[in-house]
Amino acid sequence: MPIANAWVFTETKFKAEEFLKNTGNMYRLVSQRPYISKKDPDEKGITLTLSITKDETEYGIDKKTGMKRDNNILNTFDVTVLNGKERIEVSKGEYVRLIDFINEKSFVIGFDLILRFKNVEKINVKPK
């Protein structure tokens, strides 16, 4: 009989440095909401929904269609910033940079990403 609930003993890591480099660590703020950990109420911050504005990753060719795989530009993802604040002074549509990935508090479960960072900062972007 196989090990039951083997997921408890397995880990998958998120390549944060590669992701931040390939996306230019510049994202557009879609929304923000306060976060408080259920396990540790002193662990507070903000959950941000961000839109990817740049993606230089080479995803290869789809084997079934023979077409180049699409990038992540305009896709959204959630991150939690554990900075003790309830909100950041950034408006919807403005740009931010993520600071200090927290590997030990971030997880990949199946295709779900639970990403934690220490901080976030606003980036001033000049329109073209």
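Worth pointing out:
- The C-beta contact set for the range 26-45 (first residue in contact (Cβ under 8 Å) with a residue 40 or more places away in the chain, second residue surrounded by 15 or more Cβ atoms within 10 Å (Cβ to Cβ) and of a type in the set (F, W, Y), distance under 7 angstrom, 6+ apart or interchain) comprises M26/Y95; Y27/Y95; R28/Y95; K44/Y35; G45/Y35.
- Residues that are surrounded by 13 or more Cβ atoms within 10 Å (Cβ to Cβ), of a type in the set (D, E, K, R) and closer than 18 Å to G24 by Cβ, drawn from the range 44-98: K54, D55, E94, R97
- When G45 is tested against (1) part of a strand (DSSP E or B); (2) within 14 Å of the chain's Cα centre (by Cα), exactly one condition is not met: (2).
Conditions tested, residue by residue: (1) small (G, A, S); (2) modelled with pLDDT of 90 or more.
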site	(1), (2)
R33	no, yes
G45	yes, yes
K63	no, no
D70	no, no
N83	no, yes
E86	no, yes
V96	no, yes
I114	no, yes
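- All conditions in (1) under 17 Å from A16 (Cα atoms); (2) part of a loop (DSSP other than H, G, I, E, B); (3) modelled with pLDDT of 95 or more hold for K92, with the sole exception of (1).
The values are calculated or read from the model by the stated rules, or taken from the named source; none is laboratory data. In this text the structure is predicted, and so the values were computed from the model without any measurement. FYI the Cβ positions are ideal-geometry reconstructions off the backbone, even for glycines, and counts take in every protein chain you see.
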